[in-house]
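Taking it in order: structure first as structure tokens, then the write-up.
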Amino acid sequence: MTVVAEPIYDSDMACIFCRIVSGEIPAEVVLREPDVVAFLDIQPLADGHVVVIPRAHVALLEELEPAAAEALFRAVVRLARPVREALGAAGTTIGVNNGEATGQTIPHVHVHIVPRREGDGAGSVHTIFPRGARRPLGEVGEAIRRAAGGLT
Ligand SMILES: [Zn+2]
């Protein structure tokens, strides 16, 4: 499987997203809240490509404290319509590369909001995966429920 990496920013420095949060590095900020900052991606996939990050430096989504996770996704929900409307877009693709193996190049959780247009040539989230599932759904569901401590 080919993983398309996100743009490399400046990997030999301390976390660039933390430096944006601190104001050390300028960014086109569109939302600044106590626990969240959102700004335009410096290598946008489309006009209006926003990156939403928690102020707390954690690499993976599952490492976020519950309150930070709530603040992050509240901000994503709050921004989805303004991003779409400001750019006159038909919709948005919202996604997280969660872990280095997925193409996450900055180890600080970030949610992409990318405005989409009819005929923009980009696919859906489904198009990044080959059809690779082979195990029965019931078996996989049981494994996940067990790992999650008995969810039903
Ligand atoms: Zn960071």
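The values are calculated or read from the model by the stated rules, or taken from the named source; none is laboratory data. Given the structure is predicted, the values throughout are model-derived calculations rather than measurements. Heads up, the Cβs are rebuilt from the backbone with ideal geometry, glycines too, and the neighbour counts pull from every protein chain shown.
Starting from the range 18-32, take each residue that is closer than 17 Å to Pro107 by Cα and list its partners that are more than 11 Å from the ligand (Cβ to nearest atom) and not in a strand (DSSP E or B), counting only C-beta distances under 6 angstrom and pairs at least six apart or across chains.
Arg19/Ile25; Ile20/Ala27
Which one is nearest to the ligand (Cβ to nearest atom) among residues in the range 75-123 that are assigned to a helix (DSSP H, G or I) and over 17 Å from Val29 (Cα atoms)?
Checked the range 75-123; the qualifying residue nearest to the ligand (Cβ to nearest atom) is Glu100.
Which condition number does Ala68 fail, the rest of (1) part of a helix (DSSP H, G or I); (2) under 13 Å from the mean Cα position of the chain (by Cα); (3) not polar (S, T, N, Q) being met?
(2)
What number of residues within the range 124-152 are in a loop (DSSP other than H, G, I, E, B) and either among the aromatic types (Phe, Trp, Tyr) or under 30 Å from Ala90 (Cβ atoms) (or both)? Break it down into steps so the answer makes sense when it comes.
As a first pass, look at the range 124-152 and keep what is in a loop (DSSP other than H, G, I, E, B): 124, 129-136, 148-152.
Within this subset, residues satisfying the condition of being either among the aromatic types (Phe, Trp, Tyr) or under 30 Å from Ala90 (Cβ atoms) (or both) are 124, 129-133.
Adding up the residues that qualify gives 6.
Search the range 57-90 for residues being surrounded by fewer than 12 Cβ atoms within 10 Å (Cβ to Cβ) and among the small types (Gly, Ala, Ser), and hand back the single one that is farthest from Asp35 (Cα to Cα). Working first, answer last.
The first filter runs over the range 57-90 and keeps only residues surrounded by fewer than 12 Cβ atoms within 10 Å (Cβ to Cβ), leaving 62, 66-67, 77, 81, 85, 88.
In the following step, the residues that additionally are among the small types (Gly, Ala, Ser) were identified as 67, 88.
Numbers: Ala67: 9, Gly88: 28 Å.
Of everything passing the filter in the range 57-90, Gly88 is farthest from Asp35 (Cα to Cα).
Quick one: in the range 1-46, which of the residues that are within 16 Å of the ligand (Cβ to nearest atom) and polar (S, T, N, Q) is modelled with the highest pLDDT?
Selected residue: Ser22.
State the number of residues belonging to the range 13-30 that are under 20 Å from Val77 (Cα atoms) and exposed (fewer than 15 other Cβ atoms within 10 Å of the Cβ).
The total comes to 2.
Determine whether Ala71 is farther than 17 Å from Pro107 by Cα and within 16 Å of the ligand (Cβ to nearest atom).
Working: farther than 17 Å from Pro107 by Cα: yes; within 16 Å of the ligand (Cβ to nearest atom): yes.
Yes, satisfied.
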